[in-house]
Amino acid sequence: MRMDLGGMTDLSFSCNRGRAYLFNNAVNVSVGPTEERLMISGMHTISDIFCCCCGQILGWKYVTASDDSQKFKEGKFVLERWRIVEVTNEVNQDAQLSLSDAANA
């Protein structure tokens, strides 16, 4: 899953298993059914979110919040840090440009 840090709204967010990130949007995820869940900040209606490639649960989407002070979370996505693997933009130094097979024929 690719993260666009420009859409991150909260770096200091946390969940039961540690650090998490709150985003306005998420890509390459599928959204599960809604359910009521008691979270650290109170009762919320949420949907778990899953990687669209491997199906691994990544976090959840806030659908509604009971408490008025938590309404800012509605429609936002939480990605749990421990579930995310960082990928760097490394360049393969061994890769070489080549012509297509058609041009080589």
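The values are calculated or read from the model by the stated rules, or taken from the named source; none is laboratory data. Just so it is clear, the structure is predicted and the values come from calculations on it, not from any experiment. Cβ atoms come from the backbone with ideal geometry, glycine included; neighbour counts cover every protein chain shown. We work out accessible area using only protein heavy atoms, side chains counted, and drop any ligands, DNA or RNA first. Shrake-Rupley method; radii C 1.70, N 1.55, O 1.52, S 1.80 Å.
How many of the residues making up the range 34-66 are farther than 18 Å from R81 by Cβ and part of a strand (DSSP E or B)?
13
I'd like to check something: does the range 18-33 contain any residue that is hydroxyl-bearing (S, T, Y), open to solvent by less than 70 Å² (accessible area, probe 1.4 Å), modelled with pLDDT of 90 or more and not in a helix (DSSP H, G or I)?
yes
Within the range 56-74, which residues are out of contact with any helix residue (DSSP H, G or I) (no Cβ under 8 Å at 6 or more places or on another chain) and free of Cβ contacts under 8 Å to residues at least 24 places away in the same chain?
W60, T64, D68, S69, K71, F72, E74
Anything in the range 46-87 that is surrounded by 15 or more Cβ atoms within 10 Å (Cβ to Cβ), farther than 22 Å from G18 by Cβ and among the polar types (S, T, N, Q)? List them, or say none.
T64
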